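The values are calculated or read from the model by the stated rules, or taken from the named source; none is laboratory data. Not measured: the values here are computed from a predicted model. Note that we place each Cβ from the backbone using ideal geometry, even for glycine, and neighbour counts take in every protein chain shown.
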Amino acid sequence: MLQLSIVIPYFNNSSTIDKLLNSIDKFQDYSKYEVIIIDDKSNYEQFEFLLSMEQKFNFKLSIYKNDTDFKGPGPVKNIGIKKSIGKWITFIDSDDEFTDDFYESFSLNFDSYKDMIFYKLISYTENNEIGVRHVSFENQIINYLNKSTEEDLRYNYNLATGRLFNREFLLKNNIFFNNQMLGEDFYFSVKTGIHAKDFEVIDKYVYRWNYNKISLTSSMSKEKFIQSINSTIETNKIIKEFNPRIKIKKSVLKYVAFSLIRYKLGIVFTIRLAITLMHNGIPFFNSNDLLSLKNFFDNNKYYKKT
């Protein structure tokens, strides 16, 4: 039985995809996993490069094109969910990598009946040094392991990467990403948190989050930032419909800091942004804001406005 489907969104990224696929190919349990790459409307040369790798590896590799009316990682990953046939699905960006022992860590849980499984991820700088972008996510994992409180991981964990999702669970509950250019992981993660009957957390690193100065999140435009806001509002609405008591850790103050300090989008835009967020029920301040202040300034160098 095919146990694992590895879903990779791809857009004009020939410089890194080969390295990622070669790192997967060293795990010779080829009958147990498949790799699915979905091209998000790359240019002709980049897509042709992708096609040239279809027969290069020993594992089953399938390549699809994003033929929807939407562009972005959400629609692409939705195609991956629908095309996959493994018991488990994991997502990885084409400029990132798995850790050397990721497959062993995953395979130990192939027989699990959980709806989803969390693992740890680690970030690296452009100089191949351990970064800080992963710290807040790692703290959420550590807090759960120490205190066993589920709410934070269910409703405030922003990443879909570095995790295993039971495919049947996703399809049964109609869980897919939204069509926003950014913030699709938070939307998806909250939906999985709402519907999951049971999940597990494994204290092992499986995902290497590499810095890419031209990635969607590192290189920010006003239009993409607005889509991120829209996704947060959409996700908060889902949470409030499920349980009004639950509060997301994204706050108006945090987005004001992003807008003014990180992306320098101007005072008028930022005031309008704050009003929109408050009107849609986003809390102005969160106790987590003070704890994440150092992380915010440490991470600023990894992001820029385009």
| field | Candidate set from region 265-284 (those that are within 22 Å of I238 (Cβ to Cβ) and part of a loop (DSSP other than H, G, I, E, B)); member that is modelled with the highest pLDDT | value | N280
| I6 closer than 21 Å to W88 by Cβ, in contact with a helix residue (DSSP H, G or I) (Cβ under 7 Å, 6 or more places away or on another chain) and at pLDDT 90 or above | yes
| message | Being farther than 17 Å from I24 by Cβ, out of contact with any strand residue (DSSP E or B) (no Cβ under 8 Å at 6 or more places or on another chain), surrounded by fewer than 21 Cβ atoms within 10 Å (Cβ to Cβ) and polar (S, T, N, Q): is that true of N109 here? | response | no
| message | If I filter region 253-264 for residues that are within 16 Å of K224 (Cα to Cα), outside any helix (DSSP H, G or I) and in contact (Cβ under 8 Å) with a residue 40 or more places away in the chain, do I get at least one hit? | response | yes
| query | Which condition number does Q180 fail, the rest of (1) buried (at least 22 other Cβ atoms within 10 Å of the Cβ); (2) of a type in the set (S, T, N, Q); (3) under 20 Å from I6 (Cα atoms) being met? | reply | (3)
| remark: In region 12-49, anything assigned to a helix (DSSP H, G or I), touching a strand residue (DSSP E or B) at 6+ places or on another chain (Cβ under 9 Å) and modelled with pLDDT of 90 or more is listed as I17, L20, L21, I24, Q46, F47
